[in-house]
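K.L.:
Sharing a structure below in structure tokens format, with a few things to ask.
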Amino acid sequence: MINTIIFDFGDVFINLDKQATPLALKKLGLTEWSYHIDTLNFNFEKGLIARTEFLVGLNQLVPKASPEEVLAAWNAVLLDFPLYRLEFLEKLSKKYQLYLLSNTDSIHINHFKETNGDVFYNRFYNCFEKVYFSYDLGKRKPEVEIYNYVITENNLNPEKTLFVDDNLDNIEGAKKTGLQVWYLQKGKEDVIQLFEKGIV
């Protein structure tokens, strides 16, 4: 019997356009997406480098662009957060212990807050017992350590805890800890179908 749910953020609650940032950087002069950008991104998501260092590193790849243009390009991935998903989450929080576990960075979280406003932001955060971001933890999904950290810190029973994510690698990482999983397939499913699909 599931009593706890750990949710991912992007493409579970907030919609993403994962091609938007590469396209925006290309318009700013980027010739190709590289391993160097992935490394910058992963290090920033793990809190290993500061916001300034990350943005300067990105700007060096598109030297003719302004810092403001680079920042806008980086945030282009973030789309809307439908109100119906928030309302579903609020109802869910009355019946289950909820946690958020997201690979993200401080720039994207700040942009989410600024775009949606304090009221929406606080309503969302108040649904969770605790919110976990990779840049705070120094770990990223699908590293097993990040799931174990959340499980241990909150004394969760993996057999009674559901993990929801749209990334198959992250799902496989969670399985290694004994967590129950729902691989939510973007475009085919929506988080509000949790009950009708018999997930819990």
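K.L.:
Taking the stretch 49-76, which residues are more than 11 Å from Asp105 (Cβ to Cβ) and hydrophobic (A, V, I, L, M, F, W, C)?
P.N.:
Within the stretch 49-76, Val56, Leu58, Leu61, Val62, Ala65, Val70, Leu71, Ala72, Ala73, Ala76 meet the criteria.
K.L.:
Out of curiosity, is Val12 farther than 30 Å from Gln97 by Cα and open to solvent by less than 10 Å² (accessible area, probe 1.4 Å)? Give the steps one after another, and end with the answer.
P.N.:
Working: farther than 30 Å from Gln97 by Cα: no; open to solvent by less than 10 Å² (accessible area, probe 1.4 Å): yes.
For Val12, the condition - farther than 30 Å from Gln97 by Cα and open to solvent by less than 10 Å² (accessible area, probe 1.4 Å) - is not met.
K.L.:
Right, next: Pick out the one residue from Leu83, Leu28, Leu79 that is of a type in the set (A, V, I, L, M), out of contact with any Cys (no Cβ under 7 Å at 6 or more places or on another chain) and exposed (fewer than 12 other Cβ atoms within 10 Å of the Cβ).
P.N.:
Only one candidate passes the filter, namely Leu83.
K.L.:
Still on this structure, please answer the following. Checking Trp33 against (1) open to solvent by 80 Å² or more (accessible area, probe 1.4 Å); (2) closer than 21 Å to Asn170 by Cα; (3) touching a Leu at 6+ places or on another chain (Cβ under 9 Å), which test does it fail?
P.N.:
Exception for Trp33: condition (2).
K.L.:
Could you check the stretch 1-42 and list, in sequence order, the residues that are farther than 30 Å from Glu159 by Cβ and part of a loop (DSSP other than H, G, I, E, B)?
P.N.:
Initial filter on the stretch 1-42 (farther than 30 Å from Glu159 by Cβ): 15-42.
Within the stretch 1-42, Asn15, Asp17, Lys18, Gln19, Leu28, Gly29, Leu30, Thr31, Glu32, Trp33, Ser34 meet the criteria.
K.L.:
Next question. Considering only residues of the stretch 43-70 that are of a type in the set (D, E, K, R) and part of a helix (DSSP H, G or I), which is nearest to Phe133 (Cα to Cα)? So that I can check it myself, show each step before the final result.
P.N.:
Of the residues in the stretch 43-70, the ones of a type in the set (D, E, K, R) are 45-46, 51, 53, 64, 68-69.
Now narrow it down to the ones that are part of a helix (DSSP H, G or I): 45, 51, 53, 68-69.
Working: Glu45: 8, Arg51: 15, Glu53: 19, Glu68: 24, Glu69: 25 Å.
The selected residue is Glu45.
K.L.:
Give the stretch 49-76 a look and list any residue that's of a type in the set (A, V, I, L, M) and surrounded by 13 or more Cβ atoms within 10 Å (Cβ to Cβ), or say none. Walk me through how you get there before you give the answer.
P.N.:
Of all residues in the stretch 49-76, those of a type in the set (A, V, I, L, M) come to 49-50, 55-56, 58, 61-62, 65, 70-73, 76.
The answer is Ile49, Leu55, Val56, Leu58, Leu61, Val62, Ala65, Val70, Leu71, Ala72, Ala73, Ala76.
K.L.:
Also: With the stretch 100-200 as the region, which helices (runs of 4 or more DSSP H) entirely inside it contain at least 1 residues that are open to solvent by less than 40 Å² (accessible area, probe 1.4 Å) and farther than 26 Å from Ala76 by Cβ?
P.N.:
Counting at least 1 such residues, we get 144-153, 168-175.
The values are calculated or read from the model by the stated rules, or taken from the named source; none is laboratory data. All of these numbers come straight from a predicted model, not from anything done at the bench. Glycine also receives a Cβ, built like all others from the backbone with ideal geometry; neighbour counts cover every protein chain displayed. When the accessible area is computed, the model is the full protein with side chains, heavy atoms only, and any ligands, DNA or RNA have been set aside. Shrake-Rupley method; radii C 1.70, N 1.55, O 1.52, S 1.80 Å.
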